1. By how many nm would the segment from LYS32 to THR16 lengthen if fully extended, with 0.36 nm per residue of separation less the alpha-carbon distance?
2. Under the rule a/c < 1.5 gives rounded, and otherwise a/b versus b/c splits prolate from oblate, where does the range 2-77 land using the Cα gyration tensor?
3. Can you figure out the FRET efficiency of THR47 with ARG77, using R₀ = 30 Å and their beta-carbon distance, to the nearest 0.05?
Amino acid sequence: MTNNDAGSRTAPSTATDAVLVPSDPVPQGVQKVQGIDFDAHHAADITVVDLVDGMANMGFQASAVADAVQIINQMVRQP
């Protein structure tokens, strides 16, 4: 951070020019990232299955965990 003549703190222009840029539009068909709707479980406790299923839409790392659980479940079911 640098101080300008008025004494307020500002970020260096090289940083703001690199970071504060317009976003690209989200491509169609991309899965929406969202967390678990805990309000939907107000009548009953949330289960592990509900939690893992909800991870499929939480983001990259959480969806990878959900995928791993599905693969493990498939392996367990196979003879």
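1. Working: separation 16, 0.36 × 16 = 5.76 nm, distance 2.78 nm.
Result for the pair: 3.0 nm of gain on full extension.
2. It comes out prolate by the Cα gyration axes.
3. Efficiency, from the Cβ-Cβ distance: 0.95.
Quick note: the coordinates plus some simple rules give every number you see, no bench work behind them. On a predicted model such as this, the values are computed, not experimentally measured, just so you know. Glycine gets a Cβ as well: all are built from the backbone with ideal geometry, and neighbour counts include every protein chain shown.
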